[in-house]
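The values are calculated or read from the model by the stated rules, or taken from the named source; none is laboratory data. Note that the structure is predicted; figures quoted are calculated from it, not measured. Positions of Cβ are generated from backbone atoms using ideal geometry, with glycine treated the same way; all protein chains shown enter the neighbour counts.
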Amino acid sequence: MDQALSLLIPGLAVTGMFIGGLLVGRRIVRQPPAPEDVLTDARIEAQRILARAEEEARALAETYRDREEATLEHRKVEMVTMEDRIDQRAATLEQRAANLAQREELVIDKERAVSEATAEAARAQEEARLELEALAGFDSRAAKEELLQKVEDEARRDAMVLVRDMETRAREEGDRRARRILATVIQRMASDVVSETTVSSVALPSDDMKGRIIGRDGRNIRTFEAITGVDLIVDDTPESVSVSTFDPVRREIARRALERLVEDGRIHPTSIEEAYEKARTEVEQSIRDAGEWAMLEVGISRLHPELTTLVGRLRYRTSYGQNVLDHLVESAHIAGMLAAELGVEGTEAKRAAFLHDIGKAVSHEVGGSHALIGAEIARRFGEDAAVVHAIEAHHNEVEPRTLTAVLVQAADAVSAARPGARREALEAYVRRLERLEEIAQGFDGVEKVFALQAGREVRVVVDPGVLDDMSSKDLARRIARKLEDDLQYPGQIEVTVIREYRAKDYAR
(Lines give C-alpha, C1' and ligand atoms only; values in the text may rest on other atoms or scores of the structure.)
Protein backbone atom coordinates (compact mmCIF):
# COMPACT_ATOMS: atom_id res chain seq x y z
CA MET A 1 0.00 0.00 0.00
CA ASP A 2 2.80 2.43 0.86
CA GLN A 3 4.54 1.58 -2.38
CA ALA A 4 1.40 2.44 -4.32
CA LEU A 5 1.16 5.81 -2.53
CA SER A 6 4.79 6.60 -3.25
CA LEU A 7 4.14 6.00 -6.94
CA LEU A 8 0.90 7.96 -6.93
CA ILE A 9 2.16 11.15 -5.19
CA PRO A 10 4.74 12.22 -7.84
CA GLY A 11 2.15 11.71 -10.53
CA LEU A 12 -0.31 13.84 -8.66
CA ALA A 13 2.35 16.54 -8.17
CA VAL A 14 3.10 16.65 -11.87
CA THR A 15 -0.60 16.78 -12.66
CA GLY A 16 -1.06 19.60 -10.19
CA MET A 17 1.78 21.56 -11.67
CA PHE A 18 0.30 21.13 -15.13
CA ILE A 19 -3.12 22.27 -13.99
CA GLY A 20 -1.56 25.18 -12.11
CA GLY A 21 0.34 26.17 -15.19
CA LEU A 22 -2.89 26.24 -17.16
CA LEU A 23 -4.55 28.40 -14.57
CA VAL A 24 -1.61 30.72 -14.41
CA GLY A 25 -1.62 30.93 -18.19
CA ARG A 26 -5.24 31.89 -18.16
CA ARG A 27 -4.59 34.58 -15.54
CA ILE A 28 -1.71 35.81 -17.57
CA VAL A 29 -3.95 36.12 -20.52
CA ARG A 30 -6.56 37.90 -18.58
CA GLN A 31 -4.27 40.04 -16.41
CA PRO A 32 -0.65 39.48 -16.47
CA PRO A 33 0.42 39.11 -12.79
CA ALA A 34 3.83 39.35 -11.42
CA PRO A 35 6.07 36.30 -11.77
CA GLU A 36 6.54 35.88 -8.04
CA ASP A 37 2.80 35.88 -7.40
CA VAL A 38 2.20 33.37 -10.12
CA LEU A 39 4.77 30.99 -8.71
CA THR A 40 3.39 31.34 -5.20
CA ASP A 41 -0.17 30.69 -6.28
CA ALA A 42 0.90 27.70 -8.29
CA ARG A 43 2.71 26.19 -5.38
CA ILE A 44 -0.26 26.75 -3.09
CA GLU A 45 -2.65 25.25 -5.59
CA ALA A 46 -0.36 22.32 -6.22
CA GLN A 47 0.01 21.65 -2.52
CA ARG A 48 -3.74 21.81 -2.03
CA ILE A 49 -4.33 19.39 -4.99
CA LEU A 50 -1.60 17.14 -3.76
CA ALA A 51 -3.08 17.07 -0.27
CA ARG A 52 -6.50 16.26 -1.63
CA ALA A 53 -5.04 13.48 -3.85
CA GLU A 54 -3.14 12.04 -0.90
CA GLU A 55 -6.28 11.96 1.20
CA GLU A 56 -8.29 10.26 -1.59
CA ALA A 57 -5.50 7.77 -2.23
CA ARG A 58 -5.22 7.02 1.46
CA ALA A 59 -8.98 6.53 1.71
CA LEU A 60 -9.00 4.21 -1.32
CA ALA A 61 -6.08 2.25 0.05
CA GLU A 62 -7.75 1.81 3.42
CA THR A 63 -10.98 0.70 1.77
CA TYR A 64 -9.14 -1.83 -0.41
CA ARG A 65 -7.17 -3.09 2.58
CA ASP A 66 -10.34 -3.54 4.68
CA ARG A 67 -12.03 -5.46 1.83
CA GLU A 68 -9.05 -7.75 1.32
CA GLU A 69 -8.80 -8.43 5.04
CA ALA A 70 -12.50 -9.31 5.18
CA THR A 71 -12.10 -11.61 2.19
CA LEU A 72 -9.10 -13.33 3.73
CA GLU A 73 -10.93 -13.79 6.99
CA HIS A 74 -13.91 -15.31 5.22
CA ARG A 75 -11.67 -17.70 3.30
CA LYS A 76 -9.97 -18.75 6.49
CA VAL A 77 -13.35 -19.59 7.99
CA GLU A 78 -14.33 -21.59 4.91
CA MET A 79 -11.05 -23.50 4.92
CA VAL A 80 -11.52 -24.38 8.59
CA THR A 81 -15.07 -25.60 7.88
CA MET A 82 -13.88 -27.65 4.88
CA GLU A 83 -11.14 -29.24 6.92
CA ASP A 84 -13.71 -30.22 9.53
CA ARG A 85 -15.89 -31.82 6.86
CA ILE A 86 -12.92 -33.67 5.38
CA ASP A 87 -12.03 -34.99 8.77
CA GLN A 88 -15.61 -36.16 9.30
CA ARG A 89 -15.70 -37.91 5.90
CA ALA A 90 -12.37 -39.56 6.56
CA ALA A 91 -13.69 -40.86 9.86
CA THR A 92 -16.85 -42.14 8.14
CA LEU A 93 -14.85 -43.91 5.43
CA GLU A 94 -12.67 -45.55 8.02
CA GLN A 95 -15.76 -46.76 9.85
CA ARG A 96 -17.25 -48.14 6.61
CA ALA A 97 -14.00 -49.86 5.73
CA ALA A 98 -13.98 -51.49 9.14
CA ASN A 99 -17.60 -52.62 8.67
CA LEU A 100 -16.85 -54.02 5.19
CA ALA A 101 -13.89 -55.92 6.56
CA GLN A 102 -16.10 -57.46 9.23
CA ARG A 103 -18.76 -58.38 6.67
CA GLU A 104 -16.17 -59.89 4.36
CA GLU A 105 -14.92 -62.05 7.19
CA LEU A 106 -18.49 -63.15 7.92
CA VAL A 107 -19.12 -63.97 4.24
CA ILE A 108 -15.90 -65.97 4.01
CA ASP A 109 -16.86 -67.91 7.11
CA LYS A 110 -20.35 -68.62 5.66
CA GLU A 111 -18.91 -69.70 2.32
CA ARG A 112 -16.56 -72.04 4.06
CA ALA A 113 -19.43 -73.48 6.06
CA VAL A 114 -21.60 -73.86 2.96
CA SER A 115 -18.79 -75.57 1.04
CA GLU A 116 -18.25 -77.98 3.87
CA ALA A 117 -22.00 -78.67 4.07
CA THR A 118 -22.22 -79.18 0.28
CA ALA A 119 -19.30 -81.57 0.28
CA GLU A 120 -20.84 -83.46 3.17
CA ALA A 121 -24.20 -83.65 1.34
CA ALA A 122 -22.46 -84.84 -1.86
CA ARG A 123 -20.66 -87.54 0.08
CA ALA A 124 -23.91 -88.59 1.72
CA GLN A 125 -25.72 -88.62 -1.66
CA GLU A 126 -22.95 -90.66 -3.25
CA GLU A 127 -23.01 -93.13 -0.37
CA ALA A 128 -26.82 -93.37 -0.68
CA ARG A 129 -26.57 -93.89 -4.46
CA LEU A 130 -23.98 -96.62 -4.06
CA GLU A 131 -26.10 -98.30 -1.42
CA LEU A 132 -29.20 -98.12 -3.66
CA GLU A 133 -27.25 -99.45 -6.64
CA ALA A 134 -26.01 -102.33 -4.52
CA LEU A 135 -29.56 -103.11 -3.39
CA ALA A 136 -31.10 -102.72 -6.93
CA GLY A 137 -28.40 -104.65 -8.74
CA PHE A 138 -27.61 -102.02 -11.48
CA ASP A 139 -26.03 -98.57 -11.59
CA SER A 140 -27.73 -95.20 -11.86
CA ARG A 141 -26.58 -94.58 -15.42
CA ALA A 142 -28.38 -97.67 -16.67
CA ALA A 143 -31.46 -96.69 -14.66
CA LYS A 144 -31.37 -93.19 -16.14
CA GLU A 145 -31.04 -94.54 -19.69
CA GLU A 146 -33.90 -96.97 -19.11
CA LEU A 147 -36.07 -94.20 -17.67
CA LEU A 148 -35.26 -91.89 -20.58
CA GLN A 149 -36.03 -94.69 -23.03
CA LYS A 150 -39.41 -95.29 -21.41
CA VAL A 151 -40.20 -91.57 -21.39
CA GLU A 152 -39.16 -91.30 -25.03
CA ASP A 153 -41.30 -94.28 -26.04
CA GLU A 154 -44.31 -92.90 -24.16
CA ALA A 155 -43.81 -89.45 -25.67
CA ARG A 156 -43.49 -90.92 -29.17
CA ARG A 157 -46.59 -93.01 -28.66
CA ASP A 158 -48.56 -90.03 -27.32
CA ALA A 159 -47.37 -87.92 -30.25
CA MET A 160 -48.39 -90.61 -32.73
CA VAL A 161 -51.81 -90.86 -31.10
CA LEU A 162 -52.20 -87.09 -31.22
CA VAL A 163 -51.03 -86.92 -34.85
CA ARG A 164 -53.38 -89.77 -35.76
CA ASP A 165 -56.36 -88.08 -34.16
CA MET A 166 -55.54 -84.71 -35.72
CA GLU A 167 -54.95 -86.24 -39.15
CA THR A 168 -58.14 -88.26 -38.87
CA ARG A 169 -60.22 -85.23 -37.97
CA ALA A 170 -58.54 -83.05 -40.59
CA ARG A 171 -58.86 -85.72 -43.27
CA GLU A 172 -62.50 -86.39 -42.45
CA GLU A 173 -63.35 -82.71 -42.49
CA GLY A 174 -61.25 -82.04 -45.61
CA ASP A 175 -62.64 -85.05 -47.44
CA ARG A 176 -66.18 -84.09 -46.53
CA ARG A 177 -65.79 -80.53 -47.77
CA ALA A 178 -63.75 -81.46 -50.84
CA ARG A 179 -66.19 -84.23 -51.76
CA ARG A 180 -69.11 -81.87 -51.48
CA ILE A 181 -67.44 -79.12 -53.51
CA LEU A 182 -66.06 -81.41 -56.22
CA ALA A 183 -69.30 -83.37 -56.47
CA THR A 184 -71.22 -80.16 -56.90
CA VAL A 185 -68.82 -78.95 -59.59
CA ILE A 186 -68.67 -82.24 -61.48
CA GLN A 187 -72.45 -82.57 -61.43
CA ARG A 188 -72.68 -79.16 -63.03
CA MET A 189 -69.97 -79.95 -65.61
CA ALA A 190 -70.80 -82.27 -68.49
CA SER A 191 -68.27 -82.77 -71.32
CA ASP A 192 -67.82 -85.12 -74.21
CA VAL A 193 -65.09 -87.74 -74.17
CA VAL A 194 -62.65 -87.01 -77.02
CA SER A 195 -59.87 -89.33 -78.14
CA GLU A 196 -57.54 -88.44 -80.99
CA THR A 197 -54.42 -90.00 -82.45
CA THR A 198 -51.53 -88.93 -84.63
CA VAL A 199 -53.08 -90.45 -87.77
CA SER A 200 -56.02 -89.16 -89.83
CA SER A 201 -57.80 -91.20 -92.49
CA VAL A 202 -59.23 -89.80 -95.74
CA ALA A 203 -61.99 -91.76 -97.45
CA LEU A 204 -61.61 -92.37 -101.19
CA PRO A 205 -64.44 -92.91 -103.69
CA SER A 206 -62.61 -95.94 -105.12
CA ASP A 207 -59.25 -97.66 -105.00
CA ASP A 208 -58.42 -96.20 -108.42
CA MET A 209 -57.90 -92.85 -106.66
CA LYS A 210 -54.85 -94.30 -104.91
CA GLY A 211 -53.07 -94.50 -108.24
CA ARG A 212 -53.80 -90.83 -108.94
CA ILE A 213 -52.55 -89.86 -105.51
CA ILE A 214 -49.31 -91.74 -106.09
CA GLY A 215 -48.89 -90.41 -109.62
CA ARG A 216 -46.50 -91.42 -112.32
CA ASP A 217 -43.33 -92.78 -110.71
CA GLY A 218 -44.60 -91.51 -107.34
CA ARG A 219 -44.39 -87.86 -108.43
CA ASN A 220 -47.67 -86.73 -106.81
CA ILE A 221 -47.18 -88.41 -103.46
CA ARG A 222 -43.61 -87.09 -103.18
CA THR A 223 -44.79 -83.56 -104.00
CA PHE A 224 -47.66 -83.81 -101.52
CA GLU A 225 -45.39 -85.02 -98.71
CA ALA A 226 -42.75 -82.37 -99.45
CA ILE A 227 -45.26 -79.49 -99.44
CA THR A 228 -47.35 -80.58 -96.46
CA GLY A 229 -44.58 -82.16 -94.36
CA VAL A 230 -46.60 -85.30 -93.58
CA ASP A 231 -46.42 -88.98 -94.48
CA LEU A 232 -49.08 -90.52 -96.72
CA ILE A 233 -49.79 -94.17 -95.95
CA VAL A 234 -51.27 -95.89 -98.99
CA ASP A 235 -51.70 -99.47 -97.79
CA ASP A 236 -54.09 -102.31 -98.44
CA THR A 237 -56.93 -100.65 -96.51
CA PRO A 238 -59.75 -100.41 -99.04
CA GLU A 239 -60.88 -96.97 -100.15
CA SER A 240 -58.86 -94.95 -97.61
CA VAL A 241 -55.51 -93.20 -97.25
CA SER A 242 -53.87 -92.29 -93.90
CA VAL A 243 -52.12 -88.99 -93.14
CA SER A 244 -49.49 -89.40 -90.40
CA THR A 245 -47.51 -86.76 -88.49
CA PHE A 246 -47.02 -85.65 -84.91
CA ASP A 247 -47.86 -82.00 -85.72
CA PRO A 248 -51.66 -81.80 -85.43
CA VAL A 249 -51.99 -78.51 -87.34
CA ARG A 250 -49.90 -79.79 -90.21
CA ARG A 251 -51.88 -83.05 -90.23
CA GLU A 252 -55.18 -81.15 -90.40
CA ILE A 253 -53.94 -78.99 -93.31
CA ALA A 254 -52.77 -82.09 -95.17
CA ARG A 255 -56.07 -83.89 -94.54
CA ARG A 256 -58.13 -80.97 -95.86
CA ALA A 257 -55.86 -80.56 -98.88
CA LEU A 258 -56.12 -84.26 -99.70
CA GLU A 259 -59.90 -84.23 -99.37
CA ARG A 260 -60.04 -81.24 -101.71
CA LEU A 261 -57.83 -83.02 -104.25
CA VAL A 262 -59.89 -86.20 -104.05
CA GLU A 263 -63.09 -84.23 -104.50
CA ASP A 264 -61.69 -82.34 -107.49
CA GLY A 265 -60.18 -85.44 -109.09
CA ARG A 266 -57.31 -83.56 -110.71
CA ILE A 267 -54.10 -84.40 -108.89
CA HIS A 268 -50.81 -82.95 -110.09
CA PRO A 269 -48.08 -80.80 -108.47
CA THR A 270 -49.77 -77.47 -109.31
CA SER A 271 -53.16 -78.53 -107.97
CA ILE A 272 -51.45 -79.92 -104.85
CA GLU A 273 -49.88 -76.51 -104.15
CA GLU A 274 -53.21 -74.72 -104.69
CA ALA A 275 -55.09 -77.17 -102.47
CA TYR A 276 -52.42 -76.83 -99.77
CA GLU A 277 -52.65 -73.00 -99.76
CA LYS A 278 -56.44 -73.07 -99.55
CA ALA A 279 -56.39 -75.68 -96.78
CA ARG A 280 -53.76 -73.70 -94.83
CA THR A 281 -55.90 -70.56 -95.05
CA GLU A 282 -58.95 -72.47 -93.88
CA VAL A 283 -57.10 -74.03 -90.94
CA GLU A 284 -55.65 -70.67 -89.86
CA GLN A 285 -59.14 -69.19 -89.94
CA SER A 286 -60.50 -72.18 -88.03
CA ILE A 287 -57.76 -71.66 -85.43
CA ARG A 288 -58.84 -68.06 -84.90
CA ASP A 289 -62.49 -69.11 -84.81
CA ALA A 290 -61.71 -71.84 -82.28
CA GLY A 291 -59.91 -69.35 -80.03
CA GLU A 292 -62.78 -66.88 -80.21
CA TRP A 293 -65.31 -69.66 -79.58
CA ALA A 294 -63.37 -70.80 -76.51
CA MET A 295 -63.25 -67.23 -75.16
CA LEU A 296 -66.99 -66.85 -75.74
CA GLU A 297 -67.68 -70.22 -74.12
CA VAL A 298 -65.70 -69.33 -70.99
CA GLY A 299 -66.85 -65.71 -70.87
CA ILE A 300 -63.42 -64.09 -71.17
CA SER A 301 -62.90 -60.82 -73.01
CA ARG A 302 -59.93 -58.55 -73.73
CA LEU A 303 -57.48 -61.31 -74.66
CA HIS A 304 -54.45 -60.43 -76.76
CA PRO A 305 -54.88 -61.52 -80.43
CA GLU A 306 -51.72 -63.61 -80.31
CA LEU A 307 -52.99 -65.42 -77.23
CA THR A 308 -56.29 -66.05 -79.00
CA THR A 309 -54.41 -67.63 -81.92
CA LEU A 310 -52.32 -69.80 -79.60
CA VAL A 311 -55.46 -70.95 -77.78
CA GLY A 312 -57.04 -71.84 -81.11
CA ARG A 313 -54.00 -73.92 -82.10
CA LEU A 314 -54.70 -76.14 -79.10
CA ARG A 315 -57.83 -77.37 -80.88
CA TYR A 316 -55.55 -79.68 -82.84
CA ARG A 317 -53.44 -80.84 -79.89
CA THR A 318 -54.20 -83.70 -77.51
CA SER A 319 -52.84 -84.80 -74.14
CA TYR A 320 -53.26 -88.50 -73.37
CA GLY A 321 -56.08 -88.50 -75.91
CA GLN A 322 -57.85 -85.47 -74.39
CA ASN A 323 -58.29 -82.43 -76.62
CA VAL A 324 -56.29 -79.62 -75.01
CA LEU A 325 -58.66 -76.81 -76.02
CA ASP A 326 -61.64 -78.68 -74.59
CA HIS A 327 -59.53 -79.32 -71.50
CA LEU A 328 -58.87 -75.58 -71.11
CA VAL A 329 -62.54 -74.70 -71.46
CA GLU A 330 -63.52 -77.43 -69.02
CA SER A 331 -60.81 -76.38 -66.51
CA ALA A 332 -61.96 -72.76 -66.70
CA HIS A 333 -65.55 -73.74 -65.91
CA ILE A 334 -64.42 -75.99 -63.05
CA ALA A 335 -62.15 -73.27 -61.59
CA GLY A 336 -64.97 -70.75 -61.72
CA MET A 337 -67.38 -73.11 -59.98
CA LEU A 338 -64.79 -74.03 -57.35
CA ALA A 339 -64.24 -70.35 -56.61
CA ALA A 340 -68.01 -69.83 -56.37
CA GLU A 341 -68.33 -72.76 -53.95
CA LEU A 342 -65.56 -71.26 -51.81
CA GLY A 343 -67.18 -67.83 -51.87
CA VAL A 344 -64.41 -65.98 -53.72
CA GLU A 345 -64.29 -64.05 -56.97
CA GLY A 346 -63.88 -66.50 -59.85
CA THR A 347 -62.89 -64.26 -62.78
CA GLU A 348 -59.17 -64.48 -62.12
CA ALA A 349 -59.30 -68.24 -61.51
CA LYS A 350 -61.23 -68.84 -64.75
CA ARG A 351 -58.76 -66.76 -66.75
CA ALA A 352 -55.73 -68.54 -65.25
CA ALA A 353 -57.29 -71.99 -65.79
CA PHE A 354 -58.18 -71.06 -69.38
CA LEU A 355 -54.55 -70.14 -70.12
CA HIS A 356 -52.72 -72.68 -67.93
CA ASP A 357 -51.75 -75.01 -70.84
CA ILE A 358 -51.05 -72.23 -73.37
CA GLY A 359 -47.40 -73.36 -73.44
CA LYS A 360 -48.38 -76.58 -75.20
CA ALA A 361 -49.12 -74.58 -78.34
CA VAL A 362 -45.39 -73.85 -78.77
CA SER A 363 -43.72 -76.47 -76.58
CA HIS A 364 -42.44 -78.32 -79.66
CA GLU A 365 -40.71 -75.14 -80.86
CA VAL A 366 -39.30 -73.85 -77.55
CA GLY A 367 -37.45 -75.98 -75.02
CA GLY A 368 -38.57 -76.27 -71.42
CA SER A 369 -41.62 -77.11 -69.35
CA HIS A 370 -44.92 -76.07 -70.94
CA ALA A 371 -45.95 -74.46 -67.61
CA LEU A 372 -42.93 -72.12 -67.56
CA ILE A 373 -43.21 -71.47 -71.31
CA GLY A 374 -46.89 -70.60 -70.92
CA ALA A 375 -46.14 -68.27 -68.01
CA GLU A 376 -43.52 -66.44 -70.08
CA ILE A 377 -45.97 -66.10 -73.00
CA ALA A 378 -48.70 -64.75 -70.72
CA ARG A 379 -46.25 -62.31 -69.12
CA ARG A 380 -45.09 -61.12 -72.55
CA PHE A 381 -48.64 -60.38 -73.66
CA GLY A 382 -49.54 -58.36 -70.56
CA GLU A 383 -51.41 -60.84 -68.36
CA ASP A 384 -51.75 -60.10 -64.65
CA ALA A 385 -49.01 -61.32 -62.30
CA ALA A 386 -51.45 -63.54 -60.39
CA VAL A 387 -52.49 -65.28 -63.63
CA VAL A 388 -48.84 -65.74 -64.65
CA HIS A 389 -48.02 -67.26 -61.27
CA ALA A 390 -50.96 -69.67 -61.46
CA ILE A 391 -49.81 -70.82 -64.92
CA GLU A 392 -46.21 -71.47 -63.87
CA ALA A 393 -47.27 -73.20 -60.63
CA HIS A 394 -49.94 -75.58 -61.94
CA HIS A 395 -47.42 -78.45 -62.14
CA ASN A 396 -45.39 -77.36 -59.08
CA GLU A 397 -42.37 -76.09 -61.03
CA VAL A 398 -42.97 -73.07 -58.81
CA GLU A 399 -44.45 -73.32 -55.32
CA PRO A 400 -48.09 -72.10 -55.44
CA ARG A 401 -48.53 -69.03 -53.24
CA THR A 402 -52.06 -67.86 -54.05
CA LEU A 403 -55.57 -69.27 -53.90
CA THR A 404 -55.87 -68.83 -57.66
CA ALA A 405 -52.87 -71.11 -58.24
CA VAL A 406 -54.37 -73.80 -55.99
CA LEU A 407 -57.74 -73.54 -57.76
CA VAL A 408 -56.05 -73.94 -61.15
CA GLN A 409 -54.23 -77.05 -59.91
CA ALA A 410 -57.49 -78.52 -58.62
CA ALA A 411 -59.39 -77.70 -61.83
CA ASP A 412 -56.62 -79.19 -63.97
CA ALA A 413 -56.60 -82.39 -61.89
CA VAL A 414 -60.40 -82.76 -61.92
CA SER A 415 -60.61 -82.23 -65.67
CA ALA A 416 -57.80 -84.70 -66.34
CA ALA A 417 -58.82 -87.34 -63.81
CA ARG A 418 -62.52 -87.65 -64.60
CA PRO A 419 -63.47 -91.02 -66.15
CA GLY A 420 -62.90 -91.13 -69.90
CA ALA A 421 -60.98 -87.87 -70.05
CA ARG A 422 -57.60 -89.33 -70.86
CA ARG A 423 -56.10 -92.58 -72.01
CA GLU A 424 -52.71 -93.99 -71.16
CA ALA A 425 -50.35 -96.22 -73.08
CA LEU A 426 -50.18 -99.78 -71.77
CA GLU A 427 -46.45 -99.63 -71.14
CA ALA A 428 -46.70 -96.35 -69.19
CA TYR A 429 -49.65 -97.74 -67.24
CA VAL A 430 -47.80 -100.91 -66.24
CA ARG A 431 -44.64 -98.93 -65.45
CA ARG A 432 -46.58 -96.60 -63.15
CA LEU A 433 -48.15 -99.54 -61.26
CA GLU A 434 -44.75 -101.19 -60.86
CA ARG A 435 -43.29 -97.94 -59.54
CA LEU A 436 -46.12 -97.65 -57.00
CA GLU A 437 -45.44 -101.14 -55.68
CA GLU A 438 -41.68 -100.57 -55.69
CA ILE A 439 -41.90 -97.42 -53.58
CA ALA A 440 -44.20 -99.02 -50.99
CA GLN A 441 -42.08 -102.19 -50.87
CA GLY A 442 -39.00 -100.15 -49.91
CA PHE A 443 -40.19 -99.51 -46.31
CA ASP A 444 -39.23 -101.72 -43.38
CA GLY A 445 -41.82 -104.22 -42.19
CA VAL A 446 -43.67 -104.41 -45.53
CA GLU A 447 -44.46 -107.94 -46.73
CA LYS A 448 -46.68 -107.47 -49.80
CA VAL A 449 -47.90 -104.54 -51.89
CA PHE A 450 -50.88 -104.49 -54.26
CA ALA A 451 -51.73 -101.61 -56.66
CA LEU A 452 -55.50 -101.53 -57.28
CA GLN A 453 -58.05 -99.49 -59.24
CA ALA A 454 -55.66 -98.51 -62.02
CA GLY A 455 -53.10 -97.25 -59.53
CA ARG A 456 -55.49 -95.11 -57.50
CA GLU A 457 -55.21 -97.33 -54.44
CA VAL A 458 -52.23 -99.08 -52.86
CA ARG A 459 -52.74 -101.78 -50.26
CA VAL A 460 -49.75 -102.66 -48.09
CA VAL A 461 -49.62 -105.82 -45.97
CA VAL A 462 -47.13 -105.50 -43.08
CA ASP A 463 -45.51 -107.96 -40.69
CA PRO A 464 -47.44 -107.76 -37.36
CA GLY A 465 -44.36 -108.79 -35.43
CA VAL A 466 -42.37 -105.79 -36.67
CA LEU A 467 -44.99 -103.01 -36.67
CA ASP A 468 -47.78 -102.30 -34.21
CA ASP A 469 -51.02 -100.47 -34.92
CA MET A 470 -49.60 -97.01 -34.30
CA SER A 471 -46.53 -97.71 -36.44
CA SER A 472 -48.80 -98.95 -39.23
CA LYS A 473 -50.63 -95.63 -39.21
CA ASP A 474 -47.34 -93.78 -39.37
CA LEU A 475 -46.19 -96.07 -42.23
CA ALA A 476 -49.27 -95.17 -44.30
CA ARG A 477 -48.51 -91.49 -43.85
CA ARG A 478 -44.83 -91.92 -44.84
CA ILE A 479 -45.71 -93.96 -47.94
CA ALA A 480 -48.22 -91.30 -49.03
CA ARG A 481 -45.60 -88.56 -48.63
CA LYS A 482 -43.07 -90.63 -50.60
CA LEU A 483 -45.54 -91.12 -53.46
CA GLU A 484 -46.23 -87.37 -53.54
CA ASP A 485 -42.51 -86.60 -53.81
CA ASP A 486 -41.54 -89.25 -56.38
CA LEU A 487 -44.52 -89.61 -58.74
CA GLN A 488 -46.60 -87.42 -61.02
CA TYR A 489 -50.24 -88.50 -61.29
CA PRO A 490 -53.70 -86.96 -61.71
CA GLY A 491 -56.12 -87.09 -58.80
CA GLN A 492 -55.09 -88.87 -55.61
CA ILE A 493 -53.78 -92.27 -54.48
CA GLU A 494 -55.26 -93.96 -51.43
CA VAL A 495 -52.74 -95.83 -49.26
CA THR A 496 -54.11 -98.61 -47.03
CA VAL A 497 -51.86 -100.44 -44.56
CA ILE A 498 -53.18 -103.84 -43.41
CA ARG A 499 -51.85 -105.44 -40.22
CA GLU A 500 -53.36 -108.75 -39.26
CA TYR A 501 -52.23 -110.85 -36.31
CA ARG A 502 -53.26 -114.48 -36.16
CA ALA A 503 -52.58 -116.76 -33.19
CA LYS A 504 -52.62 -120.51 -33.83
CA ASP A 505 -52.38 -123.56 -31.60
CA TYR A 506 -53.19 -127.27 -31.92
CA ALA A 507 -55.04 -129.55 -29.52
CA ARG A 508 -53.63 -133.04 -29.31
Of all residues in region 244-260, how many are modelled with pLDDT under 85 and either among the β-branched types (Val, Ile, Thr) or surrounded by fewer than 17 Cβ atoms within 10 Å (Cβ to Cβ) (or both)? 5
Please specify each residue of region 441-470 satisfying the condition of being outside any strand (DSSP E or B), touching a strand residue (DSSP E or B) at 6+ places or on another chain (Cβ under 7 Å) and closer than 14 Å to residue 500 by Cβ. 445, 463
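Of all residues in region 376-400 being farther than 16 Å from residue 314 by Cβ and of a type in the set (A, V, I, L, M, F, W, C), which is modelled with the lowest pLDDT? Before you say what the answer is, go through the steps one by one.
Our first condition is that a residue be farther than 16 Å from residue 314 by Cβ; within region 376-400, this holds for 376, 379-380, 382-390, 392-393, 395-400.
So of that shortlist, the ones also of a type in the set (A, V, I, L, M, F, W, C) come out as 385-388, 390, 393, 398.
Values: 385: 90, 386: 89, 387: 90, 388: 90, 390: 90, 393: 88, 398: 84.
Result: 398.
Kindly check whether there is at least one residue in region 214-222 that is under 18 Å from residue 314 (Cα atoms) and touching a residue at least 40 places away in the same chain (Cβ under 8 Å).
First, pick out the residues of region 214-222 that are under 18 Å from residue 314 (Cα atoms): none.
No.
Give the residues of region 203-233 that are more than 17 Å from residue 270 (Cα to Cα) and either buried (at least 17 other Cβ atoms within 10 Å of the Cβ) or among the polar types (S, T, N, Q) (or both), sorted by residue number.
As a first pass, look at region 203-233 and keep what is more than 17 Å from residue 270 (Cα to Cα): 203-211, 230-233.
Once the filter is applied, which keeps residues that are more than 17 Å from residue 270 (Cα to Cα) and either buried (at least 17 other Cβ atoms within 10 Å of the Cβ) or among the polar types (S, T, N, Q) (or both), region 203-233 yields 204, 206, 209, 210, 230, 232.
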Looking for something modelled with pLDDT of 85 or more, over 22 Å from residue 292 (Cα atoms) and crowded, with 16+ Cβ neighbours inside 10 Å - is there at least one such residue anywhere in region 320-338? yes
Given (1) surrounded by fewer than 22 Cβ atoms within 10 Å (Cβ to Cβ); (2) under 34 Å from the mean Cα position of the chain (by Cα), where does residue 274 come up short, assuming only one miss? (2)
Only one of 263, 292, 306 is surrounded by fewer than 22 Cβ atoms within 10 Å (Cβ to Cβ), touching a residue at least 24 places away in the same chain (Cβ under 8 Å) and out of contact with any His (no Cβ under 8 Å at 6 or more places or on another chain). Can you tell me which? 306
Which of the residues spanning region 439-462 are more than 15 Å from residue 487 (Cα to Cα) and either modelled with pLDDT under 85 or among the basic types (Lys, Arg) (or both)? 448, 452, 453, 459
Do we have any residue at all in region 463-486 that's modelled with pLDDT under 80 and among the aliphatic types (A, V, I, L, M)? no
Quick one: residue 335 ticks every box in (1) in contact with a Ser or Thr (Cβ under 7 Å, 6 or more places away or on another chain); (2) under 17 Å from residue 374 (Cβ atoms) except a single one, so which number is it? (1)
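State all residues of region 394-406 that are out of contact with any Asp or Glu (no Cβ under 7 Å at 6 or more places or on another chain) and either assigned to a helix (DSSP H, G or I) or of a type in the set (Val, Ile, Thr) (or both); if no residue qualifies, say none.
Within region 394-406, the subset out of contact with any Asp or Glu (no Cβ under 7 Å at 6 or more places or on another chain) is 395-397, 399-403, 405-406.
Within region 394-406, 402, 403, 405, 406 qualify.
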Filter region 343-361 down to residues that are of a type in the set (Val, Ile, Thr) and surrounded by fewer than 22 Cβ atoms within 10 Å (Cβ to Cβ) and give me whichever is nearest to residue 401 (Cα to Cα). 344
Is it the case that residue 283 is in contact (Cβ under 8 Å) with a residue 12 or more places away in the chain and assigned to a helix (DSSP H, G or I)? yes
Which pairs have Cβ atoms under 7 Å, sit 6 or more apart or on different chains, and link a residue in region 471-488 that is in the same structural domain as residue 455 (by TED's automatic domain parsing) and farther than 24 Å from residue 500 by Cβ to one that is modelled with pLDDT of 85 or more and assigned to a helix (DSSP H, G or I)? 486/439; 487/435
Cross-chain or 6+ apart pairs with Cβ under 6 Å, region 388-403 first and closer than 17 Å to residue 414 by Cβ and free of Cβ contacts under 8 Å to residues at least 60 places away in the same chain, then part of a loop (DSSP other than H, G, I, E, B) and aliphatic (A, V, I, L, M): 400/393
